[in-house]
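The values are calculated or read from the model by the stated rules, or taken from the named source; none is laboratory data. Remember, it's a predicted structure, so these values are computed and weren't measured experimentally. Cβ coordinates were reconstructed from backbone atoms using ideal geometry, including for glycine residues, and neighbour counts include every protein chain displayed. All accessible areas refer to the heavy atoms of the entire protein, side chains included, with ligands and DNA or RNA removed. Shrake-Rupley method; radii C 1.70, N 1.55, O 1.52, S 1.80 Å.
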Amino acid sequence: MPEDAQREAAELARAIDEHNHRYHVLDRPSISDAEFDRLFARLVELEADFPALRVPQSPTQRVGGEPLSTLPTLQHVVPMLSLDSSQDPDDVRRFHDRLCKALDGEPEYVLEPKLDGASMELVYEDGLLTRAVTRGNGTHGEGVTENVRTIPSVPLRLRTEGAVAPPELLSVRGEVLMFLEAFEALNERLMERGEEPFVNPRNAAAGAVRQLDSRITAERPLQFIAYDVLEARGLTLQRDDEGIALLAAWGFRIPDRVEVVTGLDGVLDYHRRYGEDRDGLDYEIDGVVIKVNDLAARARLGTTARHPRGAMAFKFPPRQEVTRIERIAVSVGRTGAITPVALLLPVEVGGVTVSRATLHNREEVARKDVREGDLVRIQRAGDVIPQVVERLEEPGRERSEAYRMPDTCPACGTPVVERGPFTVCPNRFGCPAQLKGRLVHFGSRGALDIEGLGEETSALLVERALVADLADLFHLRPEALVELPGFAERSAGNLVDAIQARRDTELARFIHGLGIPEVGSAVARDLAAHFQTLPGLLAADADALVAVPGIGPKMSEAIRAFLDEPRNRSAIERLAGEMRSLTAPPPVRVGRLTGKKIVFTGGLETLTRDEAKARAEAEGGRVVGSVSKATDYVVAGSDAGSKLDKARDLGLEILTEEEFLALVGGED
Ligand code: IVH
């Protein structure tokens, strides 16, 4: 194999690993997706020409491979104990008192979120991932190496830059998770294909990681977060937080908000704060973990049969409860989808009273066989709508009839149609429930943000025939509103003022408010930035739509179909006629360096400074004079001095002139 192919492959692999780390671990990408794809495609090509380059740790090997017939049973390097756990602050107090006595003083604790996923051991030999083993029974688990290889935030090769050299054997413990947004999107996809959705993100993650076919795992949006060095041969760690810092330096994603505190108050406070924020996190946690930081002290404390004595989990209240379904109702959304909803005997779940839970669609009701009167387990996760997990058997109790979806839309009486597992009211323009849904959406925070136009008011406006079309909103008069239940002169005036104030609106909000399928607020922003005017968007054909970064053929088709429907079209035009101004965001120059700050230092060989600056700016980059944390790239030529030193100290990405040219040059 030619030496330059080998060198090029090594450089590409290093660059891809680097960008992968920035994207999936740091959430701070520094190149465009197109540029990343280019590097990747080049490496794939080289490996096709020279198969010897295709080593297991190559970034191209994350796509999954041949299915296995069984998962092997493997032994852990170090047994994986579980944690003693409690929801009761008194137990935590006792834990603390016991440790104070045993250690003769207040211990320092490391505090972390207790991640609710699938626990996993990863083993690295000479810096390369060689094994991944589920926790199993604590001493042995299932070997799922090929599956774990596909998780983008798992380093296949430990980072070495700026880090302590990886030990010859490293065993890491962490959690495989699915983030809530990805979990919901996955479930939606599964349901669209008529497959069973997962009950919760933990089951989805655990199931994905135990697949025999790693290509399926590769398609599941998994995350790995590392929190414990189980063994690092040849390295002696003094403290737990040192281990966590090393994990981050070696390229792992570590838990958010790791804190070190002394004494009990800090522990209770941390638990309270995380508990308050729990609903807003994008992943599930079921408590916080308290660990003695001093590892020698922790070793002295020893273990019980199953738990270390120097650590415990302080849990949150569970997010599942059992209650009874009083009735099954349906709700009609703004797109016409008719969703069965379980009306429950109210029950408190993790601090929130729940009286409704979604049953998703007709097929889900049938699959779970839930009926009115049944006892069910329900759960909520983050801000996700509560759902019915399963029905509980009650031997001897007489059950009601199996539930059947209505044959006609409960809001407008139109016969329903079945679309896959969904039941839909096809009366897009005449159905009051859909109109109400569109009104609520139009006035919602991400759209026109009309204060006072919520569910109830929207329902009243539709019922009293004050609004038959979104444009009617702008002709509402206070005299008509005061007649509505719950309205007085003042509130009627306020709503009219709030609506009138929105005759001047940002184009992106307006587009979002239209409720075009597939167009959320981010896509609406992209469309507004790209087309700049509403007529510009309305005139765009499918090709013009796919030219917008982030919009693919499927989305482009959905948008086009919506805009081409004559009644949508005239409703949009009527609505637009009511607007005084629709302001567009400044157009974005989209290039490989859009949003990036670049510093040049030292002498360049092939370019003058002005040429280099022009090249960077042509790709949307901004050239700045001094190096700071906010700098994205430092291009270092010959004799680069203090700026280069500073860039190294800050751990910034440093490019040679050649690498810079590769970054700005080439075809997209
Ligand atoms: S520390 C010796 N930290 O919770 C201490 N565990 O029974 C080892 N878990 O399945 C565990 N998040 O895998 C630790 N930040 C965290 C954790 C965590 C989740 C899991 C652990 C085990 C269970 C504890």
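Structure values in brief
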{"read-out": "Point-to-point label distance, S628-T139, nm (Cα→Cβ direction, 7 Å offset)", "value": "5.8"}
{"read-out": "Estimated FRET transfer efficiency (D649, D4; beta-carbon r; R0 25 Å; 0.05)", "value": "0.15"}
{"read-out": "Mean separation of Cα contacts under 8 Å, 6 or more apart, over the residue count of the chain: relative contact order %", "value": "10"}
{"read-out": "Solvent-accessible area per residue for region 543-668 (1.4 angstrom probe, square angstrom)", "value": "56"}
{"read-out": "Within the chain, helix-based [θ] at 222 nm, where runs of 4 or more DSSP H residues each add -39,500 (n - 2.57), nearest 500", "value": "-10500 deg cm²/dmol"}
{"read-out": "Cβ charges +1 (Lys, Arg) and -1 (Asp, Glu), total dipole of the chain, debye", "value": "960"}
{"read-out": "Accessible area expressed per residue, region 161-257, with surrounding protein chains retained (probe 1.4 Å, Å²)", "value": "43"}
{"read-out": "No Cys partner within the rule (Cβ under 4.7 Å), the chain", "value": "C100"}
{"read-out": "Under 5 Å, built H, 5+ apart or other chain: amide partners of V389", "value": "R377, I378, Q379"}
{"read-out": "Of K597/K646; K114/K291; K436/K554; K114/K315; K368/K436; K101/K315, those spanning more than 19 Å from alpha-carbon to alpha-carbon", "value": "K436/K554; K368/K436; K101/K315"}
{"read-out": "Length added when fully stretched, E463-L212, from 0.36 nm per residue minus Cα-Cα", "value": "84.9 nm"}
{"read-out": "Gap separating the Cα centres of region 105-150 and region 65-104, nearest whole Å", "value": "11"}
{"read-out": "Net charge, L563 excluded, C-beta distance under 15 Å - Lys, Arg +1, Asp, Glu -1", "value": "-2"}
{"read-out": "Per-pair calculated FRET efficiency, R0 = 22 Å: A402 and L343 via Cβ, rounded to 0.05", "value": "0.80"}
{"read-out": "Solvent-accessible area, 1.4 Å probe, carbon plus sulfur percent, for the chain", "value": "49"}
{"read-out": "1.4 Å probe accessible area per residue over region 472-517, in Å²", "value": "48"}
{"read-out": "Distance histogram in 20 Å bins (all Cα pairs of the chain, percent per bin)", "value": "14, 41, 36, 8, 0"}
{"read-out": "Packing-based ranking, highest mean first, of 85-97, 387-399, 551-563 given that Cβ atoms within 10 Å are counted", "value": "551-563, 85-97, 387-399"}
{"read-out": "Spin-label model distance (nm) - D126 vs R580, 7 Å beyond Cα toward Cβ", "value": "7.3"}
{"read-out": "For region 478-521 and region 152-218, distance of Cα centres in Å", "value": "42"}
{"read-out": "P(r) tail fraction, region 56-174 - alpha-carbon pairs more than 20 Å apart, %", "value": "57"}
{"read-out": "Inter-label distance for Q320 and S491, nm, one decimal - labels placed 7 Å from Cα along Cα-to-Cβ", "value": "4.1"}
